[in-house]
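The values are calculated or read from the model by the stated rules, or taken from the named source; none is laboratory data. Note that the structure is predicted; figures quoted are calculated from it, not measured. Note: ideal-geometry Cβ built from the backbone for every residue, glycine included; neighbour counts use all protein chains shown.
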Amino acid sequence: MENLAEQVELLKTQMEALTNKTPEEKLSMIVFSGDLDKLLAAFVVATGAVAMGMDVVMFFTFWGISALRDKAKDAGGKDMMGKMFGAMLPKGTGGVKLSKMNMGGMGTAMMKMLMKKKNVASLEEFLKMAEELGVRIFVCEMSMDLMGFKREEMIDYQGLEFCGVAKFLEEARNSKVQLFI
Amino acid sequence: MENLAEQVELLKTQMEALTNKTPEEKLSMIVFSGDLDKLLAAFVVATGAVAMGMDVVMFFTFWGISALRDKAKDAGGKDMMGKMFGAMLPKGTGGVKLSKMNMGGMGTAMMKMLMKKKNVASLEEFLKMAEELGVRIFVCEMSMDLMGFKREEMIDYQGLEFCGVAKFLEEARNSKVQLFI
Amino acid sequence: MENLAEQVELLKTQMEALTNKTPEEKLSMIVFSGDLDKLLAAFVVATGAVAMGMDVVMFFTFWGISALRDKAKDAGGKDMMGKMFGAMLPKGTGGVKLSKMNMGGMGTAMMKMLMKKKNVASLEEFLKMAEELGVRIFVCEMSMDLMGFKREEMIDYQGLEFCGVAKFLEEARNSKVQLFI
């Protein structure tokens, strides 16, 4: 009897440990790409996952960050490199291009027309939807620093956080699904 | 004693809940790319996973879908945009190109020669192998709609399904491994 | 009482099975890309994960392998195709380029300058850091064979292994996080 009680105690400890190790209903995504098609895929997956009851975190890094710049905002205090990157990279969702068949912008324009015609939300609309659905957006500070992006030129987005890879990995390792896009 | 019985009952409930939350021996893949090299990687991983006893689902979306078009099939009822996409994108595994060093087709031709010489299966053969091994293929309906692809121009493949991202995520969140290629 | 003992026995068996099925604190990555920006992302994630106590495996395949070639080493016995690939692909971390905005090398040079200025480690330094931190590197044998790369032209790296996709999947399916970069 005593022995049985001990065994049950041990099982309870193991159960707790295992519960802590078991991933949650969460999807963690690294959004590295700044291409229209890949960003579209990222948002379709993200909003779809929320619709299924999952918690979603998107960690924007490198080229992906361009899509989060606010067209209407400007940031001062940039050095020459920062100014160059700022000028060459797309500013916000409106400026991103297809990864293939861009054809000097024609392919991208065609895709945008198609998206409208087929009732697929635009990136702009997807961002709004994501915000309403509570998708969390993390922005990689190291990438921002590299490209000379400033916090004050990013879009307004409920709960947007500037952080490092550690904070993302903390989420990812407790997530059922992880993707690098 | 009664107390012990209650504790065991609780443990049983927790065990069942945890078992349901624990991912299965399954690999879920989003095949976004339509490049020869990435498709090759996708099929090597997919068939390798089956060989290790895993269940495999490949969700083809965007450029990836081109590789599933049947060269010998045509679909009517396309609008102008659909016809343009249809003409510009590769039709089936035979038409896909390297993501790098395509060099006007020379690099791709070289890679195909090398694959033959080194006894690496062609994409065509990998598709057949995947079918025989029971790899499930999902085709993204939203992407098909965007690009004007029709169901009747897709390859014959045992169990191929047309579906949305929700159906894929249902598999992905119960999978041990997920990849975006 | 007997019944209770049986139930506890059953729970113990289930607990053991579930523990074996639960993924470990491990990150498994397929490094397919040979681009400076993506390799940088891969190493930032890899070293960050180790810093958080995770075990990390990087499986280099296809273009990614170029970055592991040692600039100072040469390999004989290559056929014509192998010589061509060898000459056209970057040799080591020093030769890799940005996936976007390379602009004939100017963009890549700019990025490297920025990395230095902002105190972001170079790929060379990241490789060293990864080695010191115990990040395991697997090199895909099939890809090496395809591209005509030889073992003797790869960098010296503690514990580097040449293997197939099965060995990688063995790690991936017991990992909390998997990424395809």
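Okay, residues lined up against (1) surrounded by fewer than 19 Cβ atoms within 10 Å (Cβ to Cβ); (2) under 17 Å from the mean Cα position of the chain (by Cα); (3) over 30 Å from B:Gly148 (Cα atoms):
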position	(1), (2), (3)
A:Gly92	no, yes, no
A:Met106	yes, no, no
A:Lys112	yes, no, no
A:Glu132	yes, yes, yes
Checklist entry - Within region A:69-81, is there a residue that is in contact with an Asp or Glu (Cβ under 8 Å, 6 or more places away or on another chain), in a loop (DSSP other than H, G, I, E, B) and aliphatic (A, V, I, L, M)? => result yes
Next on the checklist: As an exercise: evaluate C:Thr61 against (1) surrounded by fewer than 18 Cβ atoms within 10 Å (Cβ to Cβ); (2) facing another protein chain (nearest Cβ under 9 Å) and give the number of the one condition it does not meet.
Outcome noted: (1)
Item to check | Residue check for B:Gly159: outside any loop (DSSP other than H, G, I, E, B) and at pLDDT below 95 | outcome: no
Checklist entry - Given the residues B:Ser28, B:Ser66, which is the only one that is touching a Pro at 6+ places or on another chain (Cβ under 6 Å) and within 30 Å of C:Trp63 (Cβ to Cβ)? => result B:Ser66
Checklist entry - Out of curiosity, is C:Ala87 small (Gly, Ala, Ser) and exposed (fewer than 13 other Cβ atoms within 10 Å of the Cβ)? => result yes
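Condition check ((1) more than 7 Å from every other protein chain (Cβ to nearest Cβ); (2) closer than 25 Å to C:Phe85 by Cα; (3) buried (at least 17 other Cβ atoms within 10 Å of the Cβ)) across all residues:
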{"position": "C:Gln7", "(1), (2), (3)": "no, no, yes"}
{"position": "C:Thr13", "(1), (2), (3)": "yes, no, no"}
{"position": "C:Ala17", "(1), (2), (3)": "yes, no, no"}
{"position": "C:Thr22", "(1), (2), (3)": "no, no, yes"}
{"position": "C:Lys26", "(1), (2), (3)": "yes, no, yes"}
{"position": "C:Ser33", "(1), (2), (3)": "yes, yes, yes"}
{"position": "C:Asp37", "(1), (2), (3)": "no, yes, yes"}
{"position": "C:Val56", "(1), (2), (3)": "yes, no, yes"}
Next on the checklist: Can you report the number of residues in region B:148-179 which are more than 8 Å from chain A (Cβ to nearest Cβ), within 22 Å of B:Gly82 (Cβ to Cβ) and buried (at least 22 other Cβ atoms within 10 Å of the Cβ)?
Outcome noted: 1
Next on the checklist: Scan region B:91-98 and tell me whether some residue there is of a type in the set (S, T, N, Q) and in contact (Cβ under 8 Å) with a residue 12 or more places away in the chain.
Outcome noted: yes
Next on the checklist: Looking only at residues that are polar (S, T, N, Q) and away from every other protein chain (no Cβ under 11 Å) in region C:82-112, which one is nearest to A:Ser99 (Cα to Cα)?
Outcome noted: C:Asn102
Checklist entry - Does B:Arg136 satisfy the criteria of being loosely packed, with under 14 Cβ neighbours inside 10 Å and under 30 Å from A:Ala121 (Cβ atoms)? => result no
